Amino acid sequence: MSEELGTGEPDEGRDLFELGLDSLALMRLVGAWRRAGSSVTFQDLVDEPVLTAWYAILRERAGGPAAPAAPPPPASGAEDDTPFALSAMQHAYWIGRQDGQPLGGVAPHFAVELDGSGLDPVRLRTALDRLVDRHGMLRARVGADGRQRYGSGPARFAVHDLRALPREEAEARLADLRERHTHARADPGAGEMFRAALCVLPEDRTRLQIGLDMMAGDALSLRVLLADLRHLYAHPDEPLPPLSLSYRDYLAARAADPGTAGRRAADRAWWQERLAAPPRAPAPPATVALDRPVAASDTALTHVRRLHHWLDPEQKKTFAARAGRRGLTPAAALATAFAEVLAAWSGERRFLLNLPLFDRELLAPDVAGLVGDFSSSLLLDVDLTAQASFLAHARRVQDGIRAGVAHGGYGGVEVLRDLTRAEGSPVLAPVVYTSALGLGEIFTREVQEEFGRPVWIISQGPQVVLDAQVTELDGGLLLNWDVRDGVLARGVPDAAFAAYRALLTSLTEDESAWERPVGPLAPAAHLAAREAATPARVPASGAPLHAAFFRHAETHPGRLAVVREDGTRLSYGELADAARRVTALLRRHGVVEGDTVAITLPKGAAQVVAVLGVLAAGACYAPVGIDQPAARRRRVHETAGARLVLTDPEHAPLCRAVPGLTVLTLDLAAAEPPADGIAAPGP
């Protein structure tokens with residue numbers, strides 16, 4: 001316990017969270033006790049966080065039926081090319097990064113630059129090759145079937161010798177390299193999980209660039225690989241001890257844990273009960289809808305910029321002490337400050353916040369030295385509707401975090417999938433708060449002495465518009481916001497971040513700030529403009545989506561409706577006639593109201609005809625892109641429950657590869673008489 005708190009043996013009657021214990025440390029303790037045979041849970045200990053109560057619980061649970069222990073991972077460390085499944089978070093990264101996904105087109109990755117001196121490119125290349133050989137996830141490949149396997153080969157490493165360039169030209173080149181490094185969109189199918197580059201500058205200066213795809217490793221993995229790289233570079237003749245297991249072994253051991261299924265089912269029921277009518281993600285002023293599909297080519301919507309502020313060691317100590325005296329962890333207090341700013345700038349006092357968790361269970365000692373994605377997430381229901389002090393809000397936030405962590409067997413990614421299935425459209429949580437407190441410093445003193453100071457740190461994530469992070473750096477706290485500049489309205493990120501800094505300064509310098517409401521954080525002019533721009537709520541009409549189209553086609557049949565790709569034109573009357581023929585074709589093949597029909601067609605006029613024909617039949621349509629991998633196409637059809645697909649002759653073979661699916665080509669509808677009735681299903 002004293003190890004987790006970083007202090008001497010604590011007073012048995014003191015609140016351990018006041019003494020510095022955080023949720024991550026408690027998760028580690030619970031994992032260790034459960035592996036030792038106890039059935040204690042996170043919730044058992046968080047409800048009364050004092051040692052005297054814990055002793056009683058541990059004695060009681062030790063005497064009762066112990067939780068089944070997870071089988072130890074196989075001590076092989078083998079890294080052959082046998083495929084294995086992605087974790088839940090890896091899968092979310094893999095889908096979300098693809099073009100056409102809501103807020104997609106962005107690779108999840110860390111980009112780091114360290115400015116130092118005297119690095120030897122040849123020696124560094126050797127160290128990088130050994131690092132990649134040690135950690136299989138740095139050379140992993142993800143196939144079109146959504147499974148990963150270990151690849152082979154040397155590290156991806158480049159050297160840029162800028163010593164001969166004039167100063168201005170060298171600076172411009174560095175800026176260009178940073179931009180490309182920051183916004184790289186690696187291909188996981190080609191094994192582009194990890195890369196490094198060394199810029200050699202005049203006066204023996206160097207800049208080391210490190211890029212890590214989040215599918216290959218989380219923030220703690222970045223710390224592991226930097227420490228290993230330092231050792232391999234500084235001590236080339238001292239090999240690191242071999243790892244007894246691989247990331248694949250770890251995932252297999254977690255999946256085989258007999259207690260996992262029961263905990264997952266119970267935690268899923270807990271989340272479903274609480275999120276039966278969930279709030280939505282906060283929506284700060286934006287230039288586009290936050291669920292808009294985005295491709296990598298939309299550079300204005302994929303560009304990420306970092307805002308940052310550093311609390312020095314003294315400020316960190318003061319902030320942590322004031323939080324601790326009030327029974328708060330620094331992480332919960334900082335999360336509340338972020339939430340207060342979000343509430344001010346989005347105009348919503350209750351919303352869902354996406355909190356990543358670092359869920360590395362130490363099943364064996366070598367797990368601590370693995371590189372891999374051990375992360376999960378929880379959805380935090382932030383409710384600031386009450387007119388209350390910052391302290392009251394922070395206590396509510398902290399309770400929510402602890403309850404969510406206690407039911408982390410069913411992660412936030414899975415909860416979002418359930419909500420998406422229930423609502424029939426993507427449900428996102430694109431505003432993220434990441435706390436790495438308790439993990440230690442990623443850029444340790446030894447790493448900085450060898451490679452230099454971190455001068456550029458940024459992360460990107462798909463389906464994320466704002467990611468606020470807190471990490472430990474140089475004894476203080478580094479507070480970052482990584483923002484999608486083109487998505488958020490101009491000026492909003494900077495003004496909101498300034499409000500965030502001002503609030504933290506107030507909490508650090510003014511003891512009374514904790515005991516009173518935060519007050520307005522957004523400028524009055526902004527609030528007035530938002531009020532004026534908010535449209536009045538209009539009640540739903542109750543009419544189906546297609547009703548207005550067919551009504552317009554009857555009253556104005558000759559008006560232009562669609563210009564085809566070849567320049568020919570369709571009037572409203574012609575388009576309605578073509579759609580009714582599709583409706584007749586579907587009905588002849590047994591489609592009834594409430595069925596799902598998949599549509600797999602190139603973008604263009606044919607899609608319009610198909611969608612209107614499906615809706616007029618009273619069915620719903622599930623668009624499945626012509627460029628989707630076969631495995632994903634099958635999963636979409638299965639999830640949607642589609643019994644039939646509309647396509648064209650060119651893409652019909654793709655659709656016939658899905659077993660049990662009736663395939664109809666759109667050209668068959670021309671021979672059908674137009675359907676008489678248009679379905680009008682209720683809401």
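The table that follows gives values for the structure above.
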{"item": "Residues satisfying the stated conditions in segment 341-381, i.e. surrounded by 23 or more Cβ atoms within 10 Å (Cβ to Cβ) and assigned to a helix (DSSP H, G or I)", "result": "Val341, Leu342, Ala344, Trp345"}
{"item": "Lone unmet requirement of (1) at pLDDT 90 or above; (2) touching a helix residue (DSSP H, G or I) at 6+ places or on another chain (Cβ under 9 Å); (3) surrounded by fewer than 18 Cβ atoms within 10 Å (Cβ to Cβ) for Leu666", "result": "(3)"}
{"item": "Leading residue by the ranking (most open to solvent (accessible area, probe 1.4 Å)) among those in segment 109-139 that are under 24 Å from Ala175 (Cβ atoms) and in a loop (DSSP other than H, G, I, E, B)", "result": "Gly118"}
{"item": "Residue identified as outside any loop (DSSP other than H, G, I, E, B) and open to solvent by 10 Å² or more (accessible area, probe 1.4 Å) among Asp249, Asp237", "result": "Asp249"}
{"item": "In segment 579-600, the residues that are in contact (Cβ under 8 Å) with a residue 60 or more places away in the chain and open to solvent by 30 Å² or more (accessible area, probe 1.4 Å)", "result": "Arg580, Arg581, Arg587, Arg588, His589, Glu593, Gly594"}
{"item": "Among (1) open to solvent by less than 40 Å² (accessible area, probe 1.4 Å); (2) within 23 Å of Glu565 (Cβ to Cβ); (3) modelled with pLDDT under 85 - the single one Pro629 does not satisfy", "result": "(2)"}
{"item": "Residue within segment 271-290 that is over 25 Å from Val382 (Cα atoms), open to solvent by less than 60 Å² (accessible area, probe 1.4 Å) and touching a strand residue (DSSP E or B) at 6+ places or on another chain (Cβ under 9 Å) present", "result": "no"}
{"item": "Residue satisfying condition, being in contact (Cβ under 8 Å) with a residue 24 or more places away in the chain, under 28 Å from Ala675 (Cα atoms) and either open to solvent by less than 20 Å² (accessible area, probe 1.4 Å) or part of a helix (DSSP H, G or I) (or both), within set Leu654, Leu615", "result": "Leu615"}
{"item": "All strands (runs of 3 or more DSSP E) inside segment 419-496 with 2 or more residues being in contact with a Gly (Cβ under 7 Å, 6 or more places away or on another chain)", "result": "466-473"}
{"item": "Filter result for Val159 (in contact with a helix residue (DSSP H, G or I) (Cβ under 6 Å, 6 or more places away or on another chain), aliphatic (A, V, I, L, M), over 30 Å from Leu245 (Cβ atoms) and open to solvent by 10 Å² or more (accessible area, probe 1.4 Å))", "result": "yes"}
{"item": "Glu423 being out of contact with any Leu (no Cβ under 7 Å at 6 or more places or on another chain), in contact (Cβ under 8 Å) with a residue 24 or more places away in the chain, more than 25 Å from His309 (Cβ to Cβ) and not hydroxyl-bearing (Ser, Thr, Tyr)", "result": "no"}
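The rows are residues; the columns are (1) modelled with pLDDT of 90 or more; (2) within 22 Å of Leu29 (Cβ to Cβ).
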site	(1), (2)
Gly347	no, no
Ala368	no, yes
Asp381	yes, no
Arg421	no, no
Gly424	no, no
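Rundown of residues vs (1) free of Cβ contacts under 8 Å to residues at least 24 places away in the same chain; (2) touching a Ser or Thr at 6+ places or on another chain (Cβ under 9 Å); (3) buried (at least 22 other Cβ atoms within 10 Å of the Cβ); (4) among the aromatic types (Phe, Trp, Tyr), yes/no style:
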| position | (1), (2), (3), (4) |
| --- | --- |
| Gly411 | no, yes, yes, no |
| Pro430 | no, no, yes, no |
| Leu439 | no, yes, no, no |
| Val465 | no, no, yes, no |
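The values are calculated or read from the model by the stated rules, or taken from the named source; none is laboratory data. Model, not experiment: these values are computed from the prediction. Cβ coordinates were reconstructed from backbone atoms using ideal geometry, including for glycine residues, and neighbour counts include every protein chain displayed. Each accessible area value is taken on the protein alone, full model and side chains, heavy atoms only, with ligands, DNA and RNA left out. Shrake-Rupley method; radii C 1.70, N 1.55, O 1.52, S 1.80 Å.
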